[in-house]
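Read through the structure below, which is laid out as structure tokens, and then see the notes.
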Amino acid sequence: MDKREYIVSLIKEEEEPLKTMRSVASDTETYAPIVPSETAQLLKTMLKIIKPKRILEIGTAIGYSAILMAKNTDEDCEIITVERYEKVADIAINNIFEAGFEKKIRVVKGEAADIINWLDTGFDLVFMDGAKGQYIEFLPRVLNLLKSGGVLITDDVLYNDPNIEENATERHRKYTIVQRLRKYLEVINNHPQLETTVLEVGEGVAISYKK
Ligand SMILES: C[S@@+](CC[C@H](N)C(=O)[O-])C[C@H]1O[C@@H](n2cnc3c(N)ncnc32)[C@H](O)[C@@H]1O
């Protein structure tokens, strides 16, 4: 058993509907990109520490992490989650409704780059988990949206997936994302408003505290 398998083996069984959502998401026929178990567990622990009242998520997918956040926050916490693909957002809306969190979670359909510009400021937590190549562009506005004392959690920051089987265009696209993520990590680690740590959890998670 390697270290990752060992860590995952320590995580207790997920509650419903998260358990079923994870199994649906991992099925090749119904695949959906959701956070790995160890990142989900990190998120849960961070939610208990931060006790956020307003959360912004960029990248809803089928609503797994939004539901996880709703289950691990107080009744009066508001979660806004952004998804650009209408069909995917509709699946999330349905999953959220079935989980009974339709009052707590608002799914906003559209491009995060546009939506973040019209959201009200004052978030306690931003979970950035979509559009890896654009994190660096989102950062200035995301920092405006975050309260002082708020936390930015960025997922997939150590993403690196060079697949030699792919064609040159796809390899170049991935190389560009990796370069942009490195730039992003450099910026958030040296930003005067942030105190950041990078963890080798899942595909890499950065936790940044806004001073
Ligand atoms: C890794 S998945 C999110 C997983 C989800 N947070 C979870 O763990 O359940 C990333 C999602 O972000 C969406 N996305 C990517 N770029 C986006 C953008 N520019 N604006 C809004 N959504 C975007 C994708 O369509 C995808 O569904």
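A few comments on the model shown:
- For S26, S148, order by how many other beta-carbon atoms lie within 10 Å, fewest first: S148, S26
- Of the GluC sites (Glu not before Pro) in region 137-211, those whose Cβ has at most 13 other Cβ within 10 Å and which sit in DSSP loop: E165, E166, E200
- FRET efficiency, 1/(1 + (r/R0)^6) with R0 22 Å, evaluated for Y85 and E186 via beta carbons: 0.15
- Partners of K12 within straight-line reach, counting lysines whose Cα lies under 30 Å from its Cα and excluding those fewer than 8 residues away in the same chain: K3, K44, K48, K51, K53, K71, K103, K104, K132.
- Which of Y6, Y184, Y85 has the fewest Cβ neighbours within 10 Å, and the rest in rising order: Y6, Y85, Y184
- Take each peptide in 205-211, 106-112, count the other Cβ atoms within 10 Å of every residue, and average; sorted highest first, the result is 205-211, 106-112.
- Peptide packing for 43-51, 150-158 was compared via the average number of neighbouring C-beta atoms within 10 Å per residue; ordered from the highest value, the list is 150-158, 43-51.
- Calculated mean residue ellipticity, 222 nm, the chain: -13500 deg cm²/dmol, from DSSP H runs (n ≥ 4) at -39500 (n - 2.57) each, averaged per residue and rounded to 500.
- Loop-resident sites, region 1-30, for GluC sites (Glu not before Pro), counting at most 12 other Cβ within 10 Å (DSSP): E13, E15
- Taking N167, N189, N94 in turn, the Gaussian network model of the chain (Cα-Cα springs below 10 Å) assigns the largest fluctuation to N167.
- Computed over the chain: relative contact order in percent, which uses C-alpha pairs under 8 Å that are six or more apart: 17 percent
- Per principal axis, descending, Cα span of region 39-80 in whole Å: 24, 20, 15
- Restricting region 34-102 to GluC sites (Glu not before Pro) in coil, as DSSP defines it, with at most 12 other Cβ within 10 Å: E75
- Pairwise centroid distance, computed over Cα atoms, of region 129-197 with region 57-126, Å: 20 Å
- The Cα-based radius of gyration of the chain, divided by its Kirkwood radius, gives an Rg/Rh of 0.94.
- Residues Y135, Y175 arranged by fewest to most Cβ contacts within 10 Å: Y175, Y135
- Computed magnitude of the charge dipole of region 3-210 (debye, nearest 20; Cβ of K, R +1, Cβ of D, E -1): 600 debye
Laboratory data are not the source of any read-out in this text; all were calculated from the coordinates shown. Since the model is a prediction, treat every value here as computed from it, not as a measurement. Cβ sites come from the backbone with ideal geometry, for glycine too, and all protein chains shown count toward neighbours.
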